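Asks: This structure is in structure tokens; I'll ask about it shortly.
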Amino acid sequence: MNQIKEEQQYREQIAQGELTVGIFTTTWCPDCKRLDMFIDEIVAEHKDKQWFKIDRDEFPEISEEQNVMGIPSLLVFKNGEKLAHLHSANAKTADAVREFLKQV
């Protein structure tokens, strides 16, 4: 999974013509640490998608642009357009994340 280090890298990632899942997170968030415990398994189940992580605190403008109010949040993009957004309150269990990904 790519860790976004520059805004241009983020822009290129979401512009792809295939489904791309971005995980908005931070280093200090307890729910993000919980997500880390099961997300690798989910990524392995969804090899048809591109994945990246972005630290909300490092890129506050992007987080604001995408209406990321809570973390962790999972956003799905294709061709630069946001198709779906799993808000933090609903991203706390593996089952919830799997159910979200079934719908995109």
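Asks: Restrict the search to the chain; then list the trypsin sites (Lys or Arg not before Pro) that DSSP places in a loop and that have at most 11 other Cβ atoms within 10 Å of their Cβ.
Replies: Here the sparse-neighbourhood loop sites are Lys47.
Asks: With the Cα gyration tensor of the chain in hand, give its eigenvalues times 5 under a square root as the equivalent ellipsoid semi-axes, listed largest first in whole angstrom.
Replies: Values: eigenvalues 66, 56, 30 Å².
Semi-axis lengths for the chain are 18, 17, 12 Å.
Asks: Let me ask you something else. I want the antiparallel fraction of DSSP beta bridges within the chain, as a percent rounded to 5. Before the final figure, lay out the partial values.
Replies: On the way: 10 of 18 bridges.
Approximately 55 percent, going by the DSSP bridge assignments.
Asks: Which of Ala94, Ala44, Ala84 moves most in a GNM of the chain, Cα contacts under 10 Å?
Replies: Top of the fluctuation ranking is Ala44.
Asks: Could you check how much of the accessible area of the chain is carbon and sulfur, as a whole percent, using a 1.4 Å probe?
Replies: Details: 2630 of 5670 Å².
Solvent-exposed carbon and sulfur of the chain make up 46 percent of the total.
Asks: OK, next. Output the relative contact order of the chain, whole-number percent, from Cα pairs under 8 angstrom with separation of 6+ residues.
Replies: Once normalised by length, the contact order is 35 percent.
Asks: Sticking with this one: For the chain, how many pairs of lysine residues have a Cα-Cα distance under 14 Å, where the two are 8 or more positions apart or belong to different chains?
Replies: Values: Lys5/Lys53; Lys33/Lys53; Lys33/Lys92; Lys47/Lys102; Lys49/Lys78; Lys49/Lys102.
Taking the chain as the scope, the lysine pair count is 6.
Asks: Please check: in the Gaussian network model of the chain (C-alpha springs, under 10 Å), which one of Leu75, Leu19, Leu83 has the largest mean-square fluctuation.
Replies: Between Leu75, Leu19, Leu83, it is Leu83 that shows the largest mean-square fluctuation.
The values are calculated or read from the model by the stated rules, or taken from the named source; none is laboratory data. Bear in mind that the values here come from a model prediction, so they are computed numbers and not experimental data. Because the Cβ atoms are built from the backbone with ideal geometry, glycine has one as well, and the counts that use them run over all protein chains shown. For the accessible areas, the whole protein counts, side chains as well, though only heavy atoms, and no ligand, DNA or RNA atoms are used. Shrake-Rupley method; radii C 1.70, N 1.55, O 1.52, S 1.80 Å.
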